[in-house]
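J.: Please find one structure pasted underneath; my questions will follow.
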Amino acid sequence: MSYTKQQLGNEFFIKSHDILFEQGLSDVDINIQKWDNTKCFFANSDKSAMPFDVFSAAFYMLSRYEEYLPHVKDEFGRFTAEESLAYKEGFLHQPVVDIWAYKFKAALQSQFPKFKFPNKSYKVTPVIDVPSPYSYRLKGLLRTIGGTLSDFSKFKLVSLYERFGVLLRFKHDPHDTFKYLLNRQKNTNSKFVFFFLIGQLSTYDKGVSPNKKDFVSLIKHVADYCKVGLKISYFALDDAKRLKREKEKMEYILNTNLEASRQSHSKLNLPETYRNLIALEIKEDYTMGYINHLGFRAGSCTPFLFYDLDYEVQTPLKITPYQLMDTALLKQWSLLDKKKVLNELINAIKAVNGEFVPVFHNYTFSEDKKWEGFKELFNLILDSVEEN
């Protein structure tokens, strides 16, 4: 096999694009072309075994090359789906890198029919994001007084009744859905990953103090049945000392090394965010996705190692991309529409034997009218593995 500008003989040949031989970053010229039922870019000549440079295109998507280039950020300083090549060119809904990989496999198999490829199978890894475990409990005196006054001023009588019902222990806290979730975990083969926020109270993060015994007990209880990671607070994203404190606190609670993280508000600053995680020896991150759009931010539903474009080095940090956040499903009006787009996404991931990583929150499973039908959608996702 050769990967060069010119074919040497009759070998399996992929004509190379310049991007993998460059140092530094440049404004790459990209022309999207249709290819069977998908799209591709970095087209090459007829002599090549594939009509485009599959390695360069996959590298461009997985390294998040475009996120290093100048772009417009949203109010949280995030790279948005609308800024991405995949959204603009209409292939965000496809795991293009995985599709290309299967086409590359088919081309190799026709040339080397005796070669045995390893098998992959479809799996589901549900993420439960916990910005705050409770709606009213463990919020402290000042926040409880503030919340009560706010309910009074807005005539939120139901909320007032609920708040005092919870505080006086004759009502269940609406956001405490952990019993339901752990029961679901016990009845499925898919392993849930919970991310708890334990950072300081701020404008962006309004969680519960990790010094509260009941909160610590909850984290330990969940960790008995599921994998538990750290939801990194908004201000710890760019503050290495704060991030280190949060990591050490979570390790103290779990009594083991912290392996996984998710960034508050799904904010990523590449490459700094990932470098901070690598420095603290966090092994994997679950932030690669879009909060308002279903789809494949890195063009894939297969975990991959982060490549630092500035340092030109592959790192040990495993990126597990997510393809759906519960808030994105709220755009669909009816439960029928929600099921339709969800099934389309499941089928797209199944077609490439990928890993479906949906992000839900603990409050998604509450009785709140806004989240009506979401338990059914969650079950639909879990059941999709059994049908495989």
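The values are calculated or read from the model by the stated rules, or taken from the named source; none is laboratory data. Because the structure is predicted, anything quoted here is derived from the model rather than measured. A quick note on method: Cβ atoms are made from the backbone with ideal geometry, for glycine too, and the neighbour counts reach across all protein chains shown. Just the protein is used for accessible areas: all its heavy atoms, side chains included, with ligands, DNA and RNA removed. Shrake-Rupley method; radii C 1.70, N 1.55, O 1.52, S 1.80 Å.
J.: If I ask for residues that are open to solvent by 50 Å² or more (accessible area, probe 1.4 Å) and part of a helix (DSSP H, G or I), which ones from region 333-366 would you list?
T.: Of everything in region 333-366, those that are open to solvent by 50 Å² or more (accessible area, probe 1.4 Å) and part of a helix (DSSP H, G or I) turn out to be 335, 336, 337, 339, 340, 343, 344, 347, 363.
J.: Moving on to the next point. List the strands (runs of 3 or more DSSP E) that sit entirely inside region 1-114 and contain at least 1 residues that are basic (Lys, Arg) and without any contact (Cβ under 8 Å) to a residue 40 or more places away in the chain.
T.: On the way: elements: 2-4, 13-15, 33-35, 38-40.
Per the criteria, 13-15, 33-35.
J.: OK, next. I need the full set of residues from region 179-230 which are part of a loop (DSSP other than H, G, I, E, B), open to solvent by 70 Å² or more (accessible area, probe 1.4 Å) and within 16 Å of residue 255 (Cα to Cα), in order please.
T.: 211, 224, 225
Conditions (1) open to solvent by less than 40 Å² (accessible area, probe 1.4 Å); (2) on the phi > 0 side of the Ramachandran plot; (3) hydroxyl-bearing (Ser, Thr, Tyr), marked per residue:
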position	(1), (2), (3)
63	yes, no, yes
66	yes, no, no
80	yes, no, yes
89	no, no, no
92	yes, no, no
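Conditions (1) of a type outside the set (A, V, I, L, M, F, W, C); (2) within 27 Å of residue 313 (Cα to Cα), marked per residue:
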residue: 45; (1), (2): yes, no
residue: 48; (1), (2): yes, no
residue: 54; (1), (2): no, yes
residue: 67; (1), (2): yes, yes
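J.: Kindly list, by first and then second residue, each pair from a residue in region 279-290 that is small (Gly, Ala, Ser) to a residue that is in a loop (DSSP other than H, G, I, E, B), limited to pairs with Cβ atoms under 8 Å and residues at least 6 apart or on different chains.
T.: The qualifying pairs are 289/297; 289/321; 289/322; 289/323; 289/357.
J.: Filter region 261-275 down to residues that are open to solvent by less than 40 Å² (accessible area, probe 1.4 Å) and assigned to a helix (DSSP H, G or I) and give me whichever is nearest to residue 132 (Cα to Cα). Let's see the steps before the verdict.
T.: Start the filter on region 261-275 by keeping residues that are open to solvent by less than 40 Å² (accessible area, probe 1.4 Å), which leaves 261-264, 266-271, 273-274.
Now drop any that are not assigned to a helix (DSSP H, G or I), which leaves 264, 266, 273-274.
Details: 264: 12, 266: 16, 273: 23, 274: 24 Å.
Result: 264.
For every residue, the table says whether it meets (1) surrounded by fewer than 21 Cβ atoms within 10 Å (Cβ to Cβ); (2) modelled with pLDDT of 95 or more.
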residue	(1), (2)
286	no, yes
305	yes, yes
311	yes, no
321	no, yes
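J.: Look through 258, 243 and report the one residue that is assigned to a loop (DSSP other than H, G, I, E, B), free of Cβ contacts under 8 Å to residues at least 40 places away in the same chain, open to solvent by less than 60 Å² (accessible area, probe 1.4 Å) and not basic (Lys, Arg).
T.: 258
J.: Among the residues of region 316-332, which ones are assigned to a helix (DSSP H, G or I) and closer than 13 Å to residue 381 by Cβ?
T.: 326, 329
J.: Name the single residue, out of those in region 86-123 being among the aromatic types (Phe, Trp, Tyr) and at pLDDT below 95, that is nearest to residue 293 (Cα to Cα). Give the steps one after another, and end with the answer.
T.: Looking only at region 86-123, we keep the residues that are among the aromatic types (Phe, Trp, Tyr), and these are 87, 91, 100, 102, 104, 112, 115, 117, 122.
Now drop any that are not at pLDDT below 95, which leaves 112, 115, 117.
Values: 112: 40, 115: 39, 117: 33 Å.
Looking at residues that are among the aromatic types (Phe, Trp, Tyr) and at pLDDT below 95, I get 117.
J.: Sticking with this one: With the condition kept exactly as written, say whether any residue in region 358-381 is more than 30 Å from residue 173 (Cα to Cα) and out of contact with any His (no Cβ under 7 Å at 6 or more places or on another chain).
T.: For region 358-381, residues more than 30 Å from residue 173 (Cα to Cα) and out of contact with any His (no Cβ under 7 Å at 6 or more places or on another chain): absent.
J.: Looking at (1) over 22 Å from the mean Cα position of the chain (by Cα); (2) modelled with pLDDT of 75 or more, which is the only condition residue 152 fails?
T.: (2)
J.: Which of the residues belonging to region 292-325 are aliphatic (A, V, I, L, M) and more than 11 Å from the chain's Cα centre (by Cα)?
T.: Listed by number, the residues that qualify are 305, 309, 313, 317.
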